[in-house]
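Take a look at the structure set out below.
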Amino acid sequence: MILEDKLGTESDAVYTMLMNVHDGLSLEASHALNARLILILMNEIGDAEKITALLEEARSIPLG
Amino acid sequence: MAYDYAPFPYVVPPGLTATEPRHPVAIVGAGPIGLAMAIDLAGHGIKSVVLDDNNVVSVGSRAICWAKRTLEIFDRLGVGDRMLAKGVTWKVGRLFHGSNEVYSFDLLPEDGHKYPAFINLQQYYVEQYLVERTRDFPDHIDLRFLNKVTDHRDHGDHVMLTIETPDGPYTLEAGYYIAAEGAGSPTRNRMKLPFEGQTFEEHFLIVDVELPHSPFSTEDPERWFWFAPPFHPGQSALLHKQPDNIYRIDLQLGPDTDPKTEATEEKVIPRIKAIIGDMAFRLDWMSVYKFRCAKLDRFVHGRVLFVGDSAHVVSPFGARGGNGGIQDVDNLGWKLAAVLNGAPATLLDSYDEERTHGSAENILNSARATNFMTPKSEIETLFRNETLILAGKHPFARKLINSGRLSQPCSLAGMALQSGDHPMVGQSLTDMPMETGWLIERIKGQFTLLTLDDSVWPDLDDIRIVPLPKSDQSAAHYGSKGAFLIRPDDHICAYFNAPDTGALAAALARATGRNQ
């Protein structure tokens with residue numbers, strides 16, 4: 001699976017918003033926010049097959 | 001070889017012995033922006049006096065990346081060819097994470113432009129070429145070294161300047177006062193104008209070294225950027241070539257370093273050896289920086305006008321400082337000339353509107369790049385590292401990596417001087433080959449009608465007609481029907497799908513501030 005860009009000219013703005021939403025949080029709170037965000041985004045994707053593929057893709061790259 | 005910083009001669013100014021006639025324009029600061037301003041005004045027939053407290057060019061390479069649009073402006077000012085000949089043309093950039101190459105990019109894959117996407121050229125050469133170019137306008141440019149402006153007063157119809165020289169102080173009057181003094185602008189401080197924005201806590205070390213051969217794996221000059229390189233753990237690094245076999249190295253140092261101890265040969269030499277390996281080198285210049293992104297709310301204050309770093313400062317990622325300043329000059333020159341020739345002074349409000357917008361865009365881009373490069377929490381570092389890891393495989397993640405979004409001219413769409421809503425209106429010209437030479441050479445700082453088809457326009461006062469040769473390239477970019485009205489600064493301000501002198505006159509009136 002190769003994931004192409006879908007954010008166009010907004011990619012820098014979107015990345016900045018993601019950083020801003022974590023502003024001022026402890027590491028623990030940030031992890032909680034990330035978990036919450038993933039649950040929300042999964043529901044927004046709304047396609048179990050697609051979500052499965054994305055989860056496998058994320059796991060396929062060796063982790064730290 | 002090290003650059004020879006020969007001082008420019010000081011000449012006793014006439015104002016020390018007798019009152020000088022009022023100057024149309026005084027430019028304070030003879031850096032690249034002030035000098036370009038004087039040359040641009042001279043090209044429009046406007047006389048200026050340029051006052052600088054110093055008498056040598058920039059010490060150290062400082063601004064080195066000159067973007068395509070800047071080179072096109074310098075072409076009009078008469079130094080573009082010389083800069084291109086001396087400068088290092090590069091277009092391939094490589095980005096590394098640790099010791100792995102994540103991706104490479106080619107800045108301008110398309111041919112058919114006079115100037116490349118970027119050249120690298122030390123600021124001292126740019127200033128030298130500009131100073132030499134001012135000598136071609138002895139009747140229009142009065143360049144005074146060791147003339148330090150210590151005070152100014154806006155009297156409504158002119159500005160009075162107080163100037164210190166080695167022979168004592170004098171005063172002179174100017175119709176307009178342009179502050180081009182750099183980031184520390186004494187004029188801005190004197191006027192107590194707020195200059196607010198974001199300060200970054202990171203220190204960066206900037207070093208120029210002369211090397212006997214290329215440190216890149218190829219002889220072609222490239223731009224190499226590392227996140228967390230093996231030779232500089234946890235930080236970022238940049239390597240770039242300049243003329244004379246000088247290489248620029250930027251190293252992120254972290255927020256808790258002491259600039260005084262970092263900028264010593266003892267500390268710097270081992271760092272350089274870690275990057276370039278065991279190669280003999282000469283240390284040419286070094287400096288430790290912290291960065292700010294800040295701007296004035298307004299660049300026009302009565303008869304006092306701010307350009308370049310006096311008006312706005314950015315972090316260097318994206319090369320938006322020097323390039324942004326030259327675009328200020330490009331935008332202001334023809335407008336100020338028009339006002340001095342009788343156009344309404346409100347035309348200068350459009351300089352304020354257009355360039356505060358341009359500088360805000362530059363600040364946004366350079367602040368985002370700086371934030372990406374200097375994560376300020378564990379979670380930001382985590383996101384940054386995962387982006388870099390994903391980028392090895394996924395194009396979407398490559399696009400999120402931000403080591404500087406390189407300077408581009410901003411769009412002026414929707415602003416006061418532009419007419420209509422054609423999608424090209426507001427954009428700067430994209431260069432095209434002509435039968436001989438290049439499109440950007442044909443505008444010559446004048447309003448120009450660029451015609452795309454064979455429709456016949458009547459002869460027009462004040463507007464030159466330039467037919468665009470038909471080609472696949474020109475059709476793909478500009479289309480093949482109608483005509484564009486081009487401003488003296490090469491921006492498109494109106495489109496007409498058929499000859500219409502009434503509509504053209506209205507667009508021209510609007511673009512010159514006579515009918516808004």
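Values computed for the structure shown
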item: Positions within the range B:187-202 being crowded, with 18+ Cβ neighbours inside 10 Å and among the basic types (Lys, Arg), in sequence order; result: B:Arg188
item: Qualifying position, being surrounded by fewer than 20 Cβ atoms within 10 Å (Cβ to Cβ) and more than 28 Å from B:Arg320 (Cβ to Cβ), among B:Val56, B:Val49, B:Val92, B:Val11; result: B:Val11
item: Unmet requirement for A:Glu44, which otherwise passes all of (1) within 23 Å of B:Gly392 (Cβ to Cβ); (2) more than 13 Å from chain B (Cβ to nearest Cβ); (3) acidic (Asp, Glu); result: (1)
item: Residue under evaluation B:Val425, criteria (1) surrounded by 21 or more Cβ atoms within 10 Å (Cβ to Cβ); (2) more than 12 Å from chain A (Cβ to nearest Cβ); (3) assigned to a helix (DSSP H, G or I), criterion not met; result: (3)
item: Some residue of the range B:55-67 being part of a helix (DSSP H, G or I) and closer than 17 Å to B:Ala180 by Cβ; result: no
item: The range B:486-512, subset without any contact (Cβ under 8 Å) to a residue 60 or more places away in the chain and assigned to a strand (DSSP E or B), residue farthest from B:Ile73 (Cα to Cα); result: B:Phe496
item: Criterion (of a type outside the set (Asp, Glu), part of a helix (DSSP H, G or I) and either away from chain A (no Cβ under 14 Å) or touching a Gly at 6+ places or on another chain (Cβ under 7 Å) (or both)) met by exactly one of B:Ile389, B:Ile465, B:Ile440, B:Ile379; result: B:Ile440
item: Subset of the range A:39-52 (residues that are surrounded by 12 or more Cβ atoms within 10 Å (Cβ to Cβ) and of a type outside the set (Val, Ile, Thr)); result: A:Met42
item: The listed residue being under 15 Å from the mean Cα position of the chain (by Cα) and more than 9 Å from chain B (Cβ to nearest Cβ), out of A:Leu37, A:Leu33; result: A:Leu37
item: From the options B:Leu450, B:Leu460, residue that is surrounded by 16 or more Cβ atoms within 10 Å (Cβ to Cβ) and either more than 12 Å from chain A (Cβ to nearest Cβ) or not β-branched (Val, Ile, Thr) (or both); result: B:Leu450
item: Criterion: more than 17 Å from the chain's Cα centre (by Cα) and among the acidic types (Asp, Glu) - qualifying residue of B:Asp75, B:Asp53; result: B:Asp53
item: B:Asn362 in contact with a strand residue (DSSP E or B) (Cβ under 8 Å, 6 or more places away or on another chain), free of Cβ contacts under 8 Å to residues at least 60 places away in the same chain and in a helix (DSSP H, G or I); result: yes
item: Breaking point among (1) at pLDDT below 90; (2) buried (at least 21 other Cβ atoms within 10 Å of the Cβ), for B:Arg248; result: (1)
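The values are calculated or read from the model by the stated rules, or taken from the named source; none is laboratory data. The shown structure was predicted, so the numbers you read here are calculated from the model rather than taken from an experiment. For neighbour counting, all protein chains shown are included, and Cβ atoms are generated from backbone atoms with ideal geometry for every residue, glycine included.
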